[in-house]
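Please treat every number below as a calculation from the coordinates, not as lab data. Quick caveat, the model's predicted, so the values are computed rather than measured. All Cβ positions, glycine included, derive from the backbone under ideal geometry; neighbour counts span all protein chains shown.
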Amino acid sequence: MATTCPTQFDAPYLREQVRATYDRVARDPAGDFHFHRGPDYAHDFLEYDRDELAALPDLCTARFAGVGNPLKIADSGRTGGGIRLGETILDHACGAGMDLLLGAHRVGHQGKAIGVDMTPAMRECALAGAELAGLAKIVDVRDGYMEALPVDDASVDIVISNGVVNLSPDKRQVFREIHRVLSPGGRLFLADAVVQRELTQEARGNPDLWAACVGGALVEYELAELAQEAGFVDGRVTHRFNCFYGTTAEAKVAKDLFVHSVNFYARKGA
């Protein structure tokens, strides 16, 4: 299980590699990366609504590099509760803010949308995008890590997450932090990269593959195990996506691993 980073490189080193990768995405979204990006990818691979994306600033959508569609969990009606007006939503590694702004539209001006990200250039994009979208009054973007969220206990109704748990050097702590900040009955709408079986030590030890959302990917069933261990209930996969099709990341791992992504739902007990 890739719950912690490999012993051959330490967590601060991994974090800097990830930060450097997404700083490059923020500054040059059309550059050469191991993974897909942008609104066409979000629509064609991940089933985002094209009209909703077109209504957002290109500043945010061009830098989108998620692996799934966490808001689709809420919209599908398969979890017994979508996103309601007036709720507080947290995107715990918000990047340039595409999912954050989509969530802000759903909670409306009576609600609040909090984004946390460790990459300054991405936070700048998210804040500027919120201003351009007319959502600055309800969007709050904070500097921080998903392992130590700058958010009060039991203060949010929904946590959304897209393609970032795999990047963490301590996934157990990520789930504990999500559980901590959710109010009783709060919902987790998570998308993440997964594999069908454990990666080789060589792949686990490649920081470029970690930054591309592959090297730190869990085996699919381990998502539910970590969520339950942190105190969540009703954990289950709701959708699957072939998000790495045609990428260099896919080419760097064995085909029988089937690196792909899932939407995963869980709830904090009442």
Please state, rounded to one decimal and in Å, the Kirkwood hydrodynamic radius that the range 11-268 gives when every pair of distinct Cα atoms enters the mean of 1/r. 17.8 Å
Alpha carbon centre of the range 89-110 versus the range 174-209: separation in Å? 20 Å
Over the range 11-268, how many pairs of lysines fall under 24 Å by alpha carbon, counting only those 8 or more apart in sequence or from different chains? 7
Alpha carbon convex hull of the range 118-191, projected area averaged over orientations, nm²: 5.3 nm²
Excluding the sites themselves, what is the longest stretch of the chain that contains no chymotrypsin sites (Phe, Trp or Tyr not before Pro) in a DSSP loop with at most 16 other C-beta atoms within 10 Å? 10-244
Rounded to the nearest 500 deg cm²/dmol, what is the calculated helix-only ellipticity per residue at 222 nm for the chain, with -39500 (n - 2.57) per DSSP H run of length n ≥ 4? -10000 deg cm²/dmol
Amide H contacts under 5 Å for Val141, placed H, 5+ residues apart: Gly115
Place a +1 charge on the Cβ of each Lys and Arg in the range 11-268 and a -1 charge on the Cβ of each Asp and Glu, then give the dipole magnitude about the Cα centre in debye, rounded to the nearest 20. 340 debye
Counting other C-beta atoms within 10 Å, which of Leu127, Leu101, Leu226, Leu46 has the fewest, and how do the rest follow? Leu127, Leu226, Leu46, Leu101
Taking every other residue with Cβ under 11 Å from the Cβ of Gly216 and scoring Lys and Arg +1, Asp and Glu -1, one gets 0
Cut-off is 10 Å between beta-carbons; in what order do Arg187, Arg267 appear when sorted fewest neighbours first? Arg267, Arg187
Going by amide H atoms built from the backbone, whose H comes under 5 Å of the H on Leu90, apart from near neighbours? Ile114, Ile158, Val159, Ile160
